[in-house]
Each structure stands twice: as C-alpha cells, then as structure tokens.
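Just passing along the structure, written as structure tokens.
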Amino acid sequence: MRRNFALLLLLLSLIAQPILAKDSCDLLLQDKQLLITLGNSITQAGEKPEGYVSLMRKILDDLYPEQTVYIVNAGISGHKSTDMSERFERDVLQYSPDWVTISVGVNDVWHGFYDHHPKGDGPRGVPLPLFREKVIDMVARAQASGIRVALFTTTVIKEDLSSPENTKLVVYNKALRQIASKYNCLLVDMDKAFRRALEPYQKPGMKDRGILTSDGVHMLPPGNWLMAKTVLAAFGVPEKRIEMIRPRIKELVAEEKKALAKSLARYAECNYEVGMPRRNEKRLVFYGSSSVDLWNLARDFPHLPFLNRGIGGETTRQMVFRFRQDVIGLKPYAAIIFFGSCNDFWPKHKMPVAETKSNIIKMARAAKGAGIKLAFGAVSPVNDYLPGRDIVATHPIEKVQQLNDWIKDFCQQNGLVYVDFYSPVADSTGKLAKEFTNDGMHCNATGYAKWKPIVVRALKELGAWKD
C-alpha cells in the first residue's frame, strides 16, 4: 500500500512539472525583465498598496516565485498622449526596459468636456488625429529601441456606458486597437473588460460611480483588481490562477497598508505641532532612511530650523509615498534627500536601479512643483570587514558608484545640489572605512563628523546656511 502511494506521489510530481514549466514558458514576462507602466493618474495611483501596478507585482511574486519581474511606475496625474510622448525619452527610453505598457486616452477625451463643453470638443482635449499621431510615435520609438509594447485600450469615464464621454471614447479605443494590430503590439483590452463588468448594472439614471471607480474614472479596489487581472492575463497569466490567490493578495495589501499607515504616523503629530513656517523662516527638511533618522541635527545644526524626517529601513518607493506629508506639507525652503546605503539594493525588495532613479525623479518633480529647493545625497558606501556582514555582496561598489554618477548628473542637469556622502567616508577600495562605522553599513559618530562639513557646504549652495 505504501509503495503504491509513493508511486502515485511520484506520478503526480512528474505530471505537475511540465505544467509549471509550460506556465512559465507561456508567460511573456521573463526573469529579470524590466517593465515600465506609462500612464496618467490611474497608473500613478496604481502604486498604492491596492493599486493595479502594485497588485501586478504581488501576483507575479506569488505565482512565479522562481523569477523576478521588475515593474517601474511612470504614471503622472493629468497626462494625455501629448504629455506622455513629450516625456517618453526621460521616463521610458532612458531605462531601456524590456516592455512598456501604455495606458492613454482617458484624459485626451475627458478633458475635452471640461469648461462646459458637453460635446467633448473643448480645447483641453486631444483631437483624434493628434492622439493617433502621438500614440504611434511612442510605439515606434519604443520598438526602434527594442522595447516591446503592451497597448491598453481605455477604462471608462463614468460607469454609465451610455455617457457622452464613453460614447466619444469608442473611436479612440478603435484607434488603439488598430494601432496595436498594425504595429504588432500586445493588446490589453481594458475597455472590453470594463464594459463586460459594468454591463449587468446598466439602467436609466444609474450613478456614474461606485462599482469599479470612486468618481467615474479613478479606481476602487475592484477596479484595480480588474485592471491587474486584465493586463496580466494579456501577458499570459491564467485568470483562474489569479482569482485563486485573490484572498492571499488581499492579505498582502492589508499588510502593506498597515505598514504605510505606520510610516505616515511616525511624524504626523510632529508635523502638526511644528505647523507652518514662521515669516522669513527658511525651514529645512532632511529626508531619507536610517542614516538621516540617526543624525542628531539639533546637536550639529542648533541654529537652523532643520527637521529630521528619516525612517530607518525605507526604500525610495516608500519615501515617495510619504513625500507629500513629510516634505511638501511642511512647506520648507529647502530639503536634502539622502538614502543612506540605499535599502532598494536589498534583494527582498526586488527593486531595479531604474526604479530608484524613477523615484528620485518623482520626488524632484514634486519638490519643483511646490517651489522647494532640493539637494540629493550620494548613496553611502558599505563594507564587508565584519564577519558575517558581507553587505558589499548586496550593495556592489560599482553599482553604488554608477548610481551616484547618475544622481550627480541628474542634479547638474536640473539645477539641484549634489551632496557627496560617499567619498569622505570611503577607503581606497571604495568601501566604508573601518574607522567610520561599527556595523559596516551605518556611520558612527566619527563618520557623521566627517559628513557635517559637506552638509554645511550644501546648505550654503541652497542659500539656507546662516552663521
């Protein structure tokens, strides 16, 4: 009996192996590939724990643990085809991704209805010929760079499918399908998926929101789930497998939301207490991870209104989430952003350097929009001198130096201040010098003393230093 049972287990394992291999083979997204999601506010909000971009990561990690697919979010609120085409080089091509998803069209149509234009012919919309031209331009430039394109049809504008906005979307979605077919793009038919989901709810006088969207456009959790499932199904992930793990993904979302709430709560009370800057106050914010968190700013800069907003262990992705609350909301004159040794590099986070760069750009854009002067710090070195602490293996010297070169160039090109936290504490091999650390990763008091003059220099460049 035992022998028969063992044979049965062996047979089942042999049967299961080719099925798993086939699933992995059928998936268009392969190990170590980089995918960039280009879009508008729906994609930008897709980075939230329950957002469709974040759900894509979670589902892929769960169903395909043997491989890592890197996903970088390039959504910007309010953007249309004209905006996306203009920033295509900066936000897509410079990272040389394997894939780009292009979610475009909602604002091109919706904004045409702004300012009392019931026919959708207002000047803030994008006419169909220009829309088609810009989408084709992005597709052609991506393909010329060897990047594969997944082209979305649009989600809805109001959940009443007979709304004037949805009626006008029909020809735009037709154009997107034609472009996808002609230029051999992967078609992700969001329009079809949303119409199919909303069809049973259609009735005269129905509400324009509340089923899949919060306002007729932006996603509620069911809308985000539908988007994630639709795009991943287009990439070859079986829909049944996606639905099977939905309860588990829901738990992961809850955990991430709880962690985010904890991060936001860290300084919420302090932010309330400090209030707005006093008249003529040049408030400063030092923002980052543990290397910032551990810095006693009151001791080293007692005469400056310098607020410490560091949280140990945070990635740049997490920093983007709280940037509005812990930097912009404080209305500082200037801010210094310093990632320490960069937690993005830890393998558990599955974050490519492209995402680190993208997050730097997001914070720079947000600061510029708020009129905040900005400085970015170089990633600090680490070492492997302590037994059992080979941090260099996960934070390779060459990788750190290349990112620092990029940060320095980015600062020079955008009129920002570059703060070299690397060179003063690195030894001749490029590692964190022994005398400046007790754990191989963080600076000790001697290391912070070495850093203080370069912060003073940066503050002078920012026009924020006073003797």
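Within region 224-303, list the trypsin sites (Lys or Arg not before Pro) lying in a DSSP loop whose Cβ has at most 16 other Cβ atoms in a 10 Å radius.
The qualifying sites are 278, 279.
Over region 23-244, what is the relative contact order in percent, taking alpha-carbon pairs closer than 8 angstrom and at least six residues apart? Intermediate results must be reported in sequence, preceding the final value.
Working: 383 pairs, mean separation 47.1, N = 222.
That works out to 21 percent.
Name the long-range amide H neighbours of residue 285: under 5 Å, sequence gap of 5 or more, or other chain; modelled H, no Pro or chain starts.
Distant-sequence amide H within range of residue 285: 307, 334, 335, 336.
May I have the convex hull volume per residue, in Å³, for the Cα set of the chain? Walk me through the numbers before you get to the answer.
Working: hull volume 90.8 nm³, N = 467.
Output value, Cα hull per residue: 194 Å³.
On to the next question. By how many nm would the segment from residue 66 to residue 281 grow when fully extended, if each residue of separation counts as 0.36 nm and the alpha-carbon distance is taken off?
72.1 nm
With a Förster radius of 41 Å, plug the Cβ-Cβ distance of residue 445 and residue 250 into 1/(1 + (r/R0)^6) and report the FRET value to the nearest 0.05.
Step by step, r from the Cβ atoms, then E = 0.35.
When 186, 198 are ordered from fewest to most other Cβ atoms inside 10 Å of their Cβ, what list results? All intermediate terms of the calculation are to be shown ahead of the outcome.
On the way: 186 17, 198 20.
If I rank by nearby Cβ atoms, fewest first, I get 186, 198.
Next up: Given Cα pairs under 8 Å that are at least 6 residues apart, what percent is the relative contact order of the chain? Provide the component values of the computation, followed by the final result.
On the way: 740 pairs, mean separation 49.3, N = 467.
Across the chain, relative contact order equals 11 percent.
Oh, and also: For residue 96 and residue 137, compute 0.36 nm times the residue count separating them, minus their Cα-Cα distance, and round to one decimal in nm.
My answer for the length gained is 13.1 nm.
May I ask for the distance between the Cα centers of region 174-231 and region 328-376, given as a whole number of Å?
32 Å
For region 97-136, which trypsin sites (Lys or Arg not before Pro) are in a loop by DSSP, counting at most 16 other Cβ atoms within 10 Å?
Here the trypsin sites (Lys or Arg not before Pro) that fit, given the DSSP loop and packing criteria, are 119, 124.
With axes computed from alpha carbons, what is the tilt in degrees of helix 445-462 against the longest principal axis of the chain, rounded to the nearest 10 within 0 to 90?
Between helix and principal axis, roughly 70 degrees.
Shifting gears a bit: Could you pull out the pairs from 240/262; 257/348; 32/258; 32/240 whose alpha carbons sit more than 22 Å apart here?
From the list (240/262; 257/348; 32/258; 32/240), the Cα-Cα distance tops 22 Å for 240/262; 32/258; 32/240.
Could you line up 54, 162 from fewest to most neighbouring Cβ atoms inside 10 Å? Before the final figure, lay out each step's value.
On the way: 54 23, 162 10.
So the residues, fewest neighbours to most, are 162, 54.
Which value in deg cm²/dmol, rounded to the nearest 500, describes the helix-derived mean residue ellipticity at 222 nm for the chain, given -39,500 (n - 2.57) per DSSP H run of n ≥ 4 and division by the residue count?
After summing the helix terms and dividing by residue count, I get -15000 deg cm²/dmol.
Can you compute 3J(HN,Hα) from phi for each residue in region 36-41, using the Karplus curve 6.51 cos²θ - 1.76 cosθ + 1.60 with θ = phi - 60°, rounded to whole Hz and x for Gly and Pro?
So the J values, rounded to whole Hz, are 10, 9, 8, x, 10, 5.
Scan around residue 426 for amide H atoms under 5 Å from its own, H built in the peptide plane at 1.01 Å from N, and keep only partners 5 or more places away or cross-chain.
433
Using θ = phi - 60° and the Karplus form 6.51 cos²θ - 1.76 cosθ + 1.60, what ³J(HN,Hα) does each residue of region 349-360 get, whole Hz, x for Gly and Pro?
Karplus values, whole Hz, x for Gly and Pro: 7, 6, 10, x, 4, 4, 6, 4, 4, 4, 5, 4.
What ³J(HN,Hα) values, in whole Hz, does the Karplus curve 6.51 cos²θ - 1.76 cosθ + 1.60 give for region 164-173 when θ = phi - 60°, with x put for Gly and Pro?
After applying 6.51 cos²θ - 1.76 cosθ + 1.60, I find x, 5, 5, 4, 6, 5, 3, 6, 5, 5 Hz.
Where the centre of each part is set by its Cα atoms, how far does region 237-312 sit from region 42-65, in angstrom?
Cα centroid of region 237-312 versus Cα centroid of region 42-65: 21 Å apart.
Amide H neighbours of residue 101 under 5 Å, counting only residues 5+ apart in sequence or on other chains, H built in-plane at 1.01 Å?
Under 5 Å from the amide H of residue 101 lie the amide H atoms of 36, 37, 38, 150, each far enough along the sequence or on another chain.
Let me ask another. Where both partners of a DSSP beta bridge lie in the chain, what percent of those bridges are antiparallel, to the nearest 5?
About 10 percent, rounded to the nearest 5.
Can you give me the orientation-averaged projected area of the convex hull built on the Cα atoms of region 352-402, in nm²?
Averaged projected area of region 352-402's Cα convex hull equals 4.4 nm².
While we're here: Test of understanding: what is the full-extension gain from residue 115 to residue 385, defined as 0.36 nm times their sequence separation minus their Cα-Cα distance?
So the chain would gain 90.8 nm between residue 115 and residue 385.
Please give the net charge around residue 322, taking every other residue with its beta carbon less than 15 angstrom from that of residue 322, where Lys and Arg add +1 and Asp and Glu add -1. The partial results should precede the final answer.
Numbers: positive: 48, 257, 258, 262, 266, 309, 317, 324, 362; negative: 47, 256, 269, 293, 314, 326.
Summing Lys and Arg as +1 and Asp and Glu as -1 gives +3.
Moving to a separate point now. Quick one: check the C-alpha center-to-center distance for region 380-402 versus region 114-140, whole angstrom.
Here the two parts' Cα centres lie 49 Å apart.
Evaluate the distance, in nm, between pseudo-label points positioned 7 Å from the Cα of residue 201 and of residue 243 along their respective Cα→Cβ axes.
Rounded to a tenth, the inter-label distance reads 1.8 nm.
Bear in mind that the values in this text are calculations on the coordinates, not laboratory data. Everything quoted here is computed from the prediction, not taken from an experiment. With ideal geometry, Cβ positions are generated from the backbone for all residues, glycine too; neighbour counts draw on all protein chains shown.
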